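Report on the structure given below.
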Amino acid sequence: MSKIGIFDSGIGGLTVLKRLILTLPNEDYIYIGDNKNCPYGDKTKEQLWEYATKIIDYFIKREVNLIIVGCNTVNSNIFNELIIKYSNIKIIGVIESTIEKVIALNPNSCLIIATKQTIKAKKYQQKINEQNKGIQTINLATPLLVPMIEENNPNIEIILRNYLEEYTDQVDILVLGCTHYEIVEDKINKIFNKPIVSSSAEIVVKVKCYLESNNLTNQTKGKTEIFTTGNVGKFIEASSFFDYNNKKVSSLDL
Ligand code: DGL
């Protein structure tokens with residue numbers, strides 16, 4: 001039987017959870033949005049470690065048997081260290097499957113947008129070029145986006161245009177290297193109408209394979225618990241894209 005823990009700095013990981021519930025509706029999920037510490041994109045590795053280990057320790061207390069890191073910033077900065085510390089629990093991140101998708105598309109060039117710390121860690125660039133040196137990557141930190149998405153800020157289209165417009169003719173594909181960005185993908189599409197690879201999308205197949213090959217899939221409809229370490233009302237307001245369908249959001253003090 002599976003119980004899946006998934007976390008992010010805020011509402012971004014809900015884009016992963018939404019896809020997981022659609023594909024794997026029978027599993028039990030516990031989601032944590034660490035809004036108290038959001039955004040993660042400008043935090044040090046030490047801070048990210050403190051936040052992620054607190055969350056994972058909570059998941060372990062709740063007897064979760066699969067953890068999904070729904071945050072590129074944590075994935076690209078401390079993922080290997082987390083795997084070593086928590087070697088007896090399966091942890092899956094969003095980056096690996098996103099890179100597999102980029103390699104499969106085999107573009108000449110791609111623009112990767114992500115938080116400051118994700119870009120600084122250079123994980124996307126390194127891993128793409130380890131597998132295919134011919135793909136040119138342009139790596140762009142877009143630090144204004146996560147706070148604007150969390151605030152539901154209506155001016156985000158102007159900011160997206162400022163970030164992206166100059167690259168539209170320069171690259172073949174765009175990689176959304178932050179799980180928050182899928183929330184504004186329709187707005188991004190208006191500016192950049194070429195293929196988009198979202199880091200929220202590809203992990204679902206990996207999770208399904210893992211559960212099936214380990215006989216962990218549940219047979220009857222599962223339940224989903226959603227927590228935020230921040231303000232519950234703000235969390236729900238900013239995540240209107242998520243179908244709550246009787247799922248309640250509760251406050252969590254870690
Ligand atoms: N959704 C997180 C990510 O994928 C956002 C990190 C942040 O809070 O800056 O990187």
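Can you find even one residue in the range 33-40 that is open to solvent by 10 Å² or more (accessible area, probe 1.4 Å), more than 15 Å from the ligand (Cβ to nearest atom) and either of a type outside the set (A, V, I, L, M, F, W, C) or without any contact (Cβ under 8 Å) to a residue 40 or more places away in the chain (or both)?
no
How about the range 175-197: which of its residues are of a type in the set (S, T, N, Q) and under 9 Å from the mean Cα position of the chain (by Cα)?
Thr179 - this is the single residue of the range 175-197 that is of a type in the set (S, T, N, Q) and under 9 Å from the mean Cα position of the chain (by Cα).
Residue under question is Glu27, and the condition is that it be open to solvent by 60 Å² or more (accessible area, probe 1.4 Å), modelled with pLDDT of 95 or more and more than 12 Å from the ligand (Cβ to nearest atom); does it hold?
no
Return yes when Glu151 is within 14 Å of the ligand (Cβ to nearest atom), open to solvent by 70 Å² or more (accessible area, probe 1.4 Å) and either in contact with a Pro (Cβ under 6 Å, 6 or more places away or on another chain) or in contact (Cβ under 8 Å) with a residue 40 or more places away in the chain (or both) and no when it is not.
yes
Among the residues in the range 61-80, are any β-branched (Val, Ile, Thr), open to solvent by 70 Å² or more (accessible area, probe 1.4 Å) and more than 16 Å from the chain's Cα centre (by Cα)?
Checked against the condition, which is being β-branched (Val, Ile, Thr), open to solvent by 70 Å² or more (accessible area, probe 1.4 Å) and more than 16 Å from the chain's Cα centre (by Cα), the range 61-80 yields no hits at all.
Can you name the residue in the range 6-34 that is outside any strand (DSSP E or B) and among the acidic types (Asp, Glu) and, of all such residues, is nearest to Glu202 (Cα to Cα)?
Per the stated criteria, the residue is Glu27.
Only residues in the range 120-145 that are at negative phi and more than 15 Å from the ligand (Cβ to nearest atom) count as the first member; pair them with residues that are of a type in the set (Phe, Trp, Tyr) and in a helix (DSSP H, G or I), Cβ under 9 angstrom, at least 6 apart or cross-chain, and list the lot.
Correct list of pairs: Thr137/Tyr124; Ile138/Tyr167.
Can you tell me which residues in the range 93-117 are aliphatic (A, V, I, L, M) and crowded, with 18+ Cβ neighbours inside 10 Å?
Result: Val94, Ile95, Ile99, Val102, Leu111, Ile112, Ile113, Ala114.
Applying the selection to the range 207-251, what residues are assigned to a helix (DSSP H, G or I), open to solvent by 50 Å² or more (accessible area, probe 1.4 Å) and within 16 Å of the ligand (Cβ to nearest atom)?
Across the range 207-251, the qualifying residue is only Lys234.
In the range 89-110, how many residues are small (Gly, Ala, Ser), more than 11 Å from the ligand (Cβ to nearest atom), outside any helix (DSSP H, G or I) and within 14 Å of the chain's Cα centre (by Cα)?
0
Would you check if there is a residue in the range 69-80 being more than 15 Å from the ligand (Cβ to nearest atom) and not in a strand (DSSP E or B)?
Among the residues of the range 69-80, at least one is more than 15 Å from the ligand (Cβ to nearest atom) and not in a strand (DSSP E or B), which makes the answer yes.
Within the range 41-66, count every residue that is within 15 Å of the ligand (Cβ to nearest atom) and among the β-branched types (Val, Ile, Thr).
2
The values are calculated or read from the model by the stated rules, or taken from the named source; none is laboratory data. What you are looking at is a predicted structure, and each value in this text was computed from that prediction instead of being measured. FYI the Cβ positions are ideal-geometry reconstructions off the backbone, even for glycines, and counts take in every protein chain you see. When the accessible area is computed, the model is the full protein with side chains, heavy atoms only, and any ligands, DNA or RNA have been set aside. Shrake-Rupley method; radii C 1.70, N 1.55, O 1.52, S 1.80 Å.
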